[in-house]
Amino acid sequence: MRFYRPLILLATVLAFAVVALGAYVRLSDAGLGCPDWPGCYGHLLGVPDEAHEHAAAARAFPERPVETPKAWKEMAHRYFAGTLGVLIAGIALLAWRHRRELRQSPLLPSALLGVVAFQAALGMWTVTLLLKPAIVSAHLLGGMTTLALLLWLLLRQTLGGDAAPERGLRLLGGAALLAVIAQIALGGWVSSNYAALACPDFPTCQGVWLPEMDFAHAFHLRRELGQTADGALLSNAALTAIHWTHRVGALLVLLVAGALALVLQRRAPWRAWGRLLGAALLAQIALGIANVVFALPLPLAVAHNAGAALLLAVTLALNFRLWK
């Protein structure tokens with residue numbers, strides 16, 4: 001099936017772009033650029049531009065004045081995500097129709113299609129539930145999951161396994177992948193709660209190593225943005241706990257993935273993989289520090305999200321080769 005692998009490759013590249021674009025929309029405060037879904041102020045194509053369209057939008061959504069630049073950002077993300085969904089539907093269809101020729105189970109493409117459908121629902125709830133942190137974080141994780149599954153499909157078509165490494169190396173690779181996934185989840189929680197600048201200094205936080213923190217409210221899932229579960233204003237101590245935990249997670253990833261990179265570089269068949277993992281890891285750590293030092297400039301913040309996707313891709317591909 002000559003179209004199957006190029007289609008997966010195209011979808012994988014597009015999934016990476018959707019993840020980065022989603023981060024740009026969220027970080028530029030355009031997540032509610034459109035108050036409705038799937039259209040924007042009632043427009044399935046485009047956003048209100050003319051004076052009469054602005055007037056109609058004001059009547060339909062009196063509490064949400066039209067901000068055209070933010071609306072275009074949000075719709076661009078939806079168009080890219082919709083195109084990705086169509087590509088994934090095509091992949092699933094080809095996987096079922098040509099399963100004998102491909103000699104691979106179509107269950108993974110089918111599961112991927114289910115993930116994308118749920119991801120679309122999360123996108124809708126992100127808007128209708130007004131950026132509830134649990135929904136926004138789940139939406140980010142859904143995007144990363146889509147990227148990971150597409151990459152796994154692509155690896156099945158392109159890469160074979162190497163000589164089987166010892167069990168300890170496989171376990172270390174698996175631990176690094178789990179650490180990266182957990183850190184991405186923590187990073188999503190930081191972003192969805194706008195806690196990125198709760199610690200404005202580095203390596204300390206608010207000038208101390210252990211600042212005042214409120215973990216009970218920080219990680220309560222069922223609450224509104226900026227509020228506790230009881231509806232009170234979320235304290236700075238809770239935001240600090242979120243940010244500080246993300247830093248601890250980064251240290252854990254550095255130790256586990258860094259150890260894996262060093263071990264791989266000592267083995268000739270795996271040396272290139274060790275260098276690739278080390279480069280992706282150090283770049284991501286540097287971007288995280290730079291975001292704190294330079295007070296979260298938008299380009300660096302988006303690059304940090306893209307770097308997380310890249311680090312996930314590298315550790316996933318490495319585990320594919322270690323365990324295949």
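Residues of the stretch 228-237 being surrounded by 15 or more Cβ atoms within 10 Å (Cβ to Cβ) and within 23 Å of residue 129 (Cβ to Cβ), which ones?
Just the residues of the stretch 228-237 that are surrounded by 15 or more Cβ atoms within 10 Å (Cβ to Cβ), to begin with: 228, 234-237.
The answer is 228, 234, 235.
If the requirement is being under 22 Å from the mean Cα position of the chain (by Cα) and surrounded by fewer than 16 Cβ atoms within 10 Å (Cβ to Cβ), which of these qualifies: 293, 256, 302, 248? Reasoning before the result, please.
Working: 293 fails: under 22 Å from the mean Cα position of the chain (by Cα); 256 fails: surrounded by fewer than 16 Cβ atoms within 10 Å (Cβ to Cβ); 302 fails: surrounded by fewer than 16 Cβ atoms within 10 Å (Cβ to Cβ).
That would be 248, the only listed residue that is under 22 Å from the mean Cα position of the chain (by Cα) and surrounded by fewer than 16 Cβ atoms within 10 Å (Cβ to Cβ).
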If you go through 6, 35, 48, the only one that is exposed (fewer than 15 other Cβ atoms within 10 Å of the Cβ) and of a type outside the set (A, V, I, L, M, F, W, C) is 6
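Determine, yes or no, whether residue 95 is small (Gly, Ala, Ser), part of a helix (DSSP H, G or I) and either touching a strand residue (DSSP E or B) at 6+ places or on another chain (Cβ under 7 Å) or more than 30 Å from residue 29 (Cβ to Cβ) (or both).
On the way: small (Gly, Ala, Ser): yes; part of a helix (DSSP H, G or I): yes; either touching a strand residue (DSSP E or B) at 6+ places or on another chain (Cβ under 7 Å) or more than 30 Å from residue 29 (Cβ to Cβ) (or both): yes.
For residue 95, the condition - small (Gly, Ala, Ser), part of a helix (DSSP H, G or I) and either touching a strand residue (DSSP E or B) at 6+ places or on another chain (Cβ under 7 Å) or more than 30 Å from residue 29 (Cβ to Cβ) (or both) - is met.
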Is it the case that some residue within the stretch 167-181 is surrounded by fewer than 22 Cβ atoms within 10 Å (Cβ to Cβ), part of a helix (DSSP H, G or I) and under 14 Å from the mean Cα position of the chain (by Cα)? yes
Within the stretch 139-159, can one find any residue that is surrounded by fewer than 16 Cβ atoms within 10 Å (Cβ to Cβ), farther than 21 Å from residue 79 by Cα and hydrophobic (A, V, I, L, M, F, W, C)? yes
Could you please give the count of residues in the stretch 186-219 that are at negative phi and either surrounded by fewer than 17 Cβ atoms within 10 Å (Cβ to Cβ) or not assigned by TED's automatic domain parsing to the domain that holds residue 286 (or both)? 13
Going by the conditions given, is residue 311 part of a helix (DSSP H, G or I) and touching a residue at least 60 places away in the same chain (Cβ under 8 Å)? yes
For the stretch 125-135, how many residues meet the condition of being modelled with pLDDT under 95 and either assigned to a helix (DSSP H, G or I) or within 17 Å of the chain's Cα centre (by Cα) (or both)? 6
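The values are calculated or read from the model by the stated rules, or taken from the named source; none is laboratory data. Since we're looking at a predicted model, the values are computed, not measured. Backbone-built Cβ (ideal geometry, glycine too); neighbour counts: all protein chains shown.
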